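The values are calculated or read from the model by the stated rules, or taken from the named source; none is laboratory data. Small disclaimer: the values here were computed from a predicted structure and weren't measured. Quick reminder, even Gly has a Cβ in these numbers, built from the backbone with ideal geometry, and neighbours come from all protein chains shown. Keep in mind that these areas ignore ligands, DNA and RNA; they rest on the heavy atoms of the full protein, side chains included. Shrake-Rupley method; radii C 1.70, N 1.55, O 1.52, S 1.80 Å.
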Amino acid sequence: MYDKLAYVGEQFRLPGKFYAYETVKNGNINSTYKVTYRGDDGKLKSYIVQKINTNVFKNPENIMENIDRVTSHIRERNPDGVSLHFHHTADGKNYLYDEDHAFWRVMNYVDSITFDVCDDPAVISATGEAFGRFQNQLSDFDGSVLHETIPDFHNTHKRLDKLFDDVAADRLGRNDEAAAEIETISAYRFQAGRLSERYANGEFPVRVTHNDTKSNNVLFDRFTKRPLVVIDLDTVMPGMAMYDFGDAVRFICNTAAEDEPDLRRVYFDTSKFRAFCHGYLSEVKDSLTKDEIDSLVLAAFSITVELASRFLDDYLTGDTYFKVNYPGHNLVRTRCQLQLAKDILRKKDELEWIVSESIEG
Ligand code: GN1
Ligand code: MG
């Protein structure tokens, strides 16, 4: 890896001498490294180097074009904020294909912390604010100029259709092991696919959305614990605002990790939900429509079932999409997400009430 990263750094003309690198472990798709160089003045400076998974992102140049547009728009709205900058190679491109046709990019490293698990209500609320603000910053951005980097990314209805096609085919003979999960998703199918169907029918505004609002995609100031910048813009595309909300609470309100095998530890934490709603709605309560606000809780349920179906589909078809750490990892992830979806459904009334309470202030 050292040689490869040194080569990539050279192509992006990073100044100084390659000093060290470490692998950044979060992310199920791309490979991320923090690389550090020692400048001529002896000072250390770090960068983020990423290898994009071209099995998932078929046209990675399109991602870079989208990111360029979105980051410049955000910089105009918020000139004093921290922002993401991509380095260029000698031929002026913000990406590089190496000799194995792997796709690389390099960006500035922002000294910060991220939260995979978070118990502090102030930080959870600040995460909500950050994603709410991100939504607002893009409210006047023309989504039609964006490439659809992964078509139908959060079309839950289509995702579920695909899952059941693969269940019908059972190519690897893995259905038996997942029988209970297939049955649960089948029971949730109509309800979970409903919002995406209504969106396809034009019943909700088309927003420019982030589409991967995990809390560790917000960088925080180490000391003030205030949000600095929203990262991971690979899937910024037109979509439903409430799905960004839903994906964020799916991740941050889970009492356990996204792939927790012990389901007794997996709950949807209503206090964390209250904290997130507080921050998020303080930003967007006047910009979202009533229909969108009324669909926030259903969106949390829907995207949780959607992710369960994506993990399960990957399991049934041979684990080719998400990185897995052990055999059956995708099935464990599926079970965890379904446990969470079940708890969201059970607490639906309470969660709806928390949303309305947060709007009032
Ligand atoms: C993937 O790689 P990462 O962690 O940024 C996935 C998301 C899922 C997430 C689940 C392009 O995101 O949709 O919600 O895993 N990204 C893509 O952890 O499929
Ligand atoms: Mg991501």
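Of the accessible area of the chain, computed with a 1.4 Å probe over protein heavy atoms only, carbon and sulfur atoms account for 48 percent. Our summary gives the chain a relative contact order of 18 percent, counting only alpha carbon pairs under 8 angstrom and 6 or more residues apart. How far is helix 179-200 tilted off the main Cα axis of the chain, in degrees rounded to 10, range 0 to 90? Result, in degrees: 80.
For the chain, compute the orientation-averaged projected area of the C-alpha convex hull (one quarter of its surface), in nm². Please report the intermediate quantities before stating the final value.
Values: hull surface 75.0 nm².
Mean orientational projected area (the chain, Cα hull): 18.7 nm².
Using C-alpha pairs below 8 Å separated by at least 6 residues, the relative contact order for the range 2-108 is 26 percent. Under a Gaussian network description of the chain, with springs only between Cα atoms under 10 Å, the residue in 22, 181, 283 that fluctuates furthest is 22. Projecting label points 7 angstrom from Cα along Cα→Cβ for residue 349 and residue 262 puts them 3.2 nm apart.
Once R0 is set to 30 Å, what does the formula 1/(1 + (r/R0)^6) return for the Cβ-Cβ distance between residue 226 and residue 323, expressed as a FRET efficiency to the nearest 0.05? Could you put the intermediate results ahead of the total?
Details: r = 31 Å, r/R0 = 1.04.
For R0 = 30 Å, the calculated efficiency reads 0.45.
Seen against the Cα atoms of the chain and their longest principal axis, helix 2-11 is set at about 70 degrees.
Probe radius 1.4 Å, ligands and nucleic acids left out: which of 77, 250 has the largest accessible area, and how do the rest follow? Let's see the in-between values first.
Values: 77 110, 250 10 Å².
Result of the area sort, largest leading: 77, 250.
A 1.4 Å probe run over the chain, with the rest of the protein chains in place, finds 46 Å² accessible per residue.
For the residues 132, 239, 27, a GNM of the chain with alpha-carbon springs under 10 Å puts the largest fluctuation on 27.
Electrostatic bookkeeping for residue 25 treats Lys and Arg as +1 and Asp and Glu as -1; over the other residues with beta carbon under 12 Å from its beta carbon, the sum is 0.
Sequence-distant contacts, meaning Cα pairs under 8 Å at least 6 residues apart, place the relative contact order of the range 119-268 at 29 percent.
Between helix 156-169 and the chain, what is the angle of the helix's C-alpha long axis to the longest principal axis, kept within 0 to 90° and rounded to the nearest 10? Once rounded, the angle reads 80 degrees.
Mind giving me the FRET efficiency for residue 85 and residue 32? R0 is 22 Å, r the Cβ-Cβ distance, nearest 0.05 is fine. Can you show the working numbers first?
Numbers: r = 16 Å, r/R0 = 0.74.
Efficiency, rounded to the nearest 0.05: 0.85.
Between residue 119 and residue 286, the simple label model (points 7 Å from Cα in the Cβ direction) yields a spacing of 3.7 nm.
Highest-first packing order for the peptide set 55-61, 320-326, 134-140 is 134-140, 55-61, 320-326, based on the mean count of other beta carbon atoms within 10 Å.
Assuming R0 = 25 Å, can you tell me the calculated FRET efficiency for the pair residue 97 and residue 24, based on Cβ-Cβ distance, to the nearest 0.05?
Numbers: r = 22 Å, r/R0 = 0.87.
Computed FRET efficiency for residue 97 and residue 24 comes out at 0.70.
If you run the Gaussian network model on the chain, springs between alpha carbon atoms under 10 Å, then out of 303, 150, 63 the most flexible one is 150. Extension gain, residue 294-residue 145: 0.36 nm per intervening residue step, less the Cα-Cα distance, totals 50.7 nm.
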